[in-house]
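Novice: I am attaching a structure below and will ask some questions about it afterwards.
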Amino acid sequence: KNQVEQSPQSLIILEGKNCTLQCNYTVSPFSNLRWYKQDTGRGPVSLTIMTFSENTKSNGRYTATLDADTKQSSLHITASQLSDSASYICVVSQAGTALIFGKGTTLSVSS
Amino acid sequence: GAVVSQHPSWVICKSGTSVKIECRSLDFQATTMFWYRQFPKQSLMLMATSNEGSKATYEQGVEKDKFLINHASLTLSTLTVTSAHPEDSSFYICSARDSSGRRTGELFFGEGSRLTVL
């Protein structure tokens with residue numbers, strides 16, 4: 001069964017700290033993996049999209065990694081800011097058009 | 001960057017009425033658009049895939065007569081919630097892919113439309 005599991009479900013960190021969000025998937029055949037940030041009441045915004053051959057991709061303070069062998073991805077946030085408080089959604093694209101969504105990790109950054 | 005626009009961003013309606021939500025790709029053409037529903041603190045649930053010039057493909061459990069989808073042009077898809085009831089209250093989001101192939105795999109989301117049925 002094609003699944004995308006994210007952990008932790010929720011996370012609270014202090015402003016300025018780093019954190020790492022996890023995404024494990026069983027989607028096959030694999031096409032690409034995306035991380036989105038969704039602020040409350042807004043649509044998701046793309047952070048990174050990674051294909052099979054990419055191991056690491058950065059977007060400012062966000063760095064995503066992908067291990068296609070173990071089918072794991074992580075999103076590392078450096079020097080967190082209050083504006084990083086949001087839901088982070090991992091989406092895996094199955095070859096073709098199917099997208100499998102994770103349930104997301106809710107991050108709260110406090111001062 | 002690419003922009004997908006949804007309208008209205010929020011709507012309140014009476015039970016039994018129909019509500020139309022528009023999804024437009026502003027700087028690219030999209031032969032395929034997707035409609036999602038999101039309940040509070042939950043992930044997006046794909047409702048249907050909207051195909052330009054043909055019938056939409058609905059996910060299992062989604063009533064096609066309840067949620068009418070029309071993809072009349074390469075930049076516009078509409079979702080109509082017919083005879084809305086309070087349980088239809090939710091956050092509806094659309095997304096679209098650039099059909100030109102310039103941004104392969106990239107999926108752009110609209111800002112969402114919050115529907116409240118009284």
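Every number in this text was worked out from the coordinates using simple rules, so none of it is lab data. These numbers come from a predicted model, not from an experiment. Virtual Cβ from ideal backbone geometry, glycine too; neighbours counted across all protein chains shown.
Novice: Using a Gaussian network model on chain A with a 10 Å cutoff between Cα atoms, which of A:THR40, A:THR26, A:THR78 fluctuates the most?
Specialist: Fluctuation is largest for A:THR40.
Novice: Using all Cα-Cα distances in chain B, what percent lands in each 10 angstrom bin from 0 up to the longest?
Specialist: Spelled out bin by bin, chain B gives 15, 48, 31, 6, 0 percent.
Novice: Show log10 I(q)/I(0) for region A:50-97 at q = 0.13, 0.21, 0.29 Å⁻¹, two decimals, from a solvent-free Debye sum over equal Cα scatterers.
Specialist: -0.36, -0.82, -1.20
Novice: Let me ask you something else. Take the Cα radius of gyration of chain A and divide it by 2.2 N^0.38 Å, with N its residue count; two decimals is plenty.
Specialist: Ratio of Cα Rg to 2.2 N^0.38 Å: 1.01.
Novice: Under 13 Å from a point 7 Å along the Cα-to-Cβ line of A:SER110: which residues of region A:14-28 have their amide N that close?
Specialist: A:14-15
Novice: Give me the percent relative contact order of chain B, please, defined on Cα pairs under 8 angstrom at least 6 residues apart.
Specialist: This gives 37 percent for chain B.
Novice: Given a cut-off of under 8 Å on Cα pairs at least six residues apart, what relative contact order in percent is computed for chain A?
Specialist: For chain A, the relative contact order is 38 percent.
Novice: For the protein assembly as shown, what proportion of DSSP beta bridges, expressed in % and rounded to the nearest 5, is antiparallel?
Specialist: 90 percent
Novice: Taking each pair of distinct Cα atoms in the protein assembly as shown once, what is the resulting Kirkwood hydrodynamic radius in Å?
Specialist: Computed over the protein assembly as shown, the radius equals 18.2 Å.
Novice: If you don't mind, there's one more thing I want to ask. Just how far, in whole angstrom, is region B:5-37 from region A:9-27 if you go by their alpha carbon centroids?
Specialist: If we compute the Cα centre of each part, the gap is 31 Å.
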